[in-house]
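First up is the structure itself, then whatever we jot down about it.
Any read-out appearing in this document is the output of simple, stated calculations on the displayed coordinates, not a laboratory observation. Everything numeric in this text was worked out from a predicted model, so none of it was measured. Cβ placement follows ideal geometry from the backbone for every residue including glycine, while neighbour counts extend to all protein chains displayed.
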């Protein structure tokens, strides 16, 4: 399968197989007006298989969301057909309004205006806990 | 401005300082009788409590201050659907410091984001109860003269008991403490407490299912209530409930200087016959709670 390179925009590379769809949905990429390619199970020398997302516009992306879903993603910023900036993401310290606390006893279950904020408490194991009740994110 | 939501917000030096002040209050109460003159404590109890609310109120009165507040959500605008944020914004216009208990976990943390005055977490669901932990630490310090070098047994409901988790995490910062976790399999300490506190801090601990097998080793026995509603079936509850009732007979093999603690209320997990045993310290613990809350109120109000 051949997909032409993009001239301007962003390429999310080295996405773990299966995470591409989640990133696509969470970032609501289907709502963009530009061309977006979601490639699943592409061949990778490093990973065996990987997902890739190509966005043919230089849009603002919430990198914390991507880093939370998949801390191994590489973000390539493309301008005039060349990669002008490359970022290797890490799990962010805080994740805001991406996941909701599932603890029914958490204050966020009743106070609707509160932001759902999760804090990284164990980088090695990728554990996030609710800022309010400290329940583990599921 | 400082609040207290989680015991771990205090350094061990600050905890030691609070316990020293509490001990000084016990020895010289008159020295402190006007320390908070003209100050007001609001006690906002969105769910019932006997000891915690009354000890906060007694603490403020003994410091020469005044108290306002409510003892149940039904007697506040919370019953009309007012948010915690709005209640706190309002009350912090009237009081100099707020002690709050709320059934929802994290509610006191939300309060700190909106308050003009210090917030003390007086219990939020099954989450934190830092002033109970300060009470426990003061009792241990007074009974043992130190906060290190002892074996403590936690007995009963170690899964849902917030006081147990807080005390384990507070004690994990002191040296040479061994912990024995005594509970049925259904009520064992949660994995995250073991992984994120005990294992990370290298605390020596072991889990057992009966009190008898470890009684002789303990310097401190921290009892908690085994609650029937926590069991999935009644047969398991009936099988286990008596195992964790402390009786004078079970204390035969205990050390002569054992200190028996309980956060209270108790139902039947400590037989009333144990109350007369000099090793029973749970009512001393209640009294200590008032003094350590006096020390905490003074610290957060920056009164010297």
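What is the ratio of the Cα radius of gyration of the protein assembly as shown to 2.2 N^0.38 Å, where N is its residue count, to two decimals?
Its radius of gyration relative to the 2.2 N^0.38 Å reference: 1.19.
Report the Rg/Rh value for chain B, based on alpha-carbon coordinates and the Kirkwood definition of Rh.
0.97
Residue by residue through A:126-135, how many Cβ atoms from other chains fall within 10 Å of the Cβ on average?
That works out to 4 on average.
Just the ratio, please: alpha-carbon radius of gyration of the range B:1-137 over 2.2 N^0.38 Å, N its number of residues.
Relative to the rule-of-thumb radius for its length, the range B:1-137 sits at 1.03.
Evaluate the Debye formula for the range A:9-88 with equal point scatterers sitting on the alpha carbons, no solvent, and hand back log10 of I(q)/I(0) at q = 0.19, 0.24, 0.26 Å⁻¹, in q order, two decimals.
Here the Debye-derived log intensity ratios amount to -0.77, -1.24, -1.42.
If you rank A:34, A:133 by fewest surrounding Cβ atoms within 10 Å, what's the result?
A:34, A:133
For the protein assembly as shown, give the share of DSSP beta bridges that are antiparallel, in percent and rounded to the nearest 5; count only bridges with both residues there.
If I count the DSSP bridges inside the protein assembly as shown, around 45 percent turn out antiparallel.
Could you work out the mean count of beta carbons from other protein chains within 10 Å of each residue's beta carbon in B:121-127?
3
Using a Debye calculation, one point per C-alpha and no hydration shell, please list log10 I(q)/I(0) for the range B:148-304 at q = 0.11, 0.14, 0.16, 0.17 Å⁻¹ in order.
Here the Debye-derived log intensity ratios amount to -0.46, -0.73, -0.94, -1.05.
Would you mind putting B:177-188, A:40-51 in packing order, based on average other-beta-carbon counts within 10 Å, highest first?
Order by mean packing, descending: B:177-188, A:40-51.
I'd like the FRET efficiency for residue A:80 and residue A:119, computed as 1/(1 + (r/R0)^6) with the beta carbon distance as r and R0 of 60 Å, rounded to 0.05.
Working from the Cβ atoms, E equals 0.90.
One-quarter of the Cα convex hull surface for the range B:247-304, in nm²?
That works out to 5.1 nm², a quarter of the Cα hull's surface.
Based solely on its DSSP helices, what 222 nm [θ] is calculated for chain A when runs of n ≥ 4 H residues each add -39,500 (n - 2.57) and the sum is averaged over all residues, nearest 500 deg cm²/dmol?
-3000 deg cm²/dmol
Just to compare against my own numbers: the Cα pair-distance distribution for chain A, 5 Å bins, whole % per bin, please.
Per 5 Å bin, starting at 0, the Cα pair percentages come out as 2, 10, 18, 19, 18, 13, 9, 7, 3, 1, 0.
If you count, for every residue in A:103-114, the Cβ atoms of partner chains within 10 Å of its Cβ, what is the mean?
Counting other chains' Cβ atoms within 10 Å and averaging over A:103-114 gives 6.
Length gain on complete extension for the stretch residue B:2 to residue B:228, per 0.36 nm per residue less the alpha carbon to alpha carbon distance?
77.5 nm
Between 0 and 90 degrees, rounded to the nearest ten: what's the tilt of helix B:162-171 against the longest Cα principal axis of chain B?
Helix B:162-171 sits at roughly 90 degrees to that axis.
What's the angle, to the nearest 10 degrees (0 to 90), between helix B:130-144's Cα axis and the longest principal axis of chain B?
50 degrees
Let me test this: with uniform point scatterers at the alpha carbons of the range B:59-206, what is the Debye-based log₁₀ I(q)/I(0) at q = 0.09, 0.12 1/Å?
-0.38, -0.64
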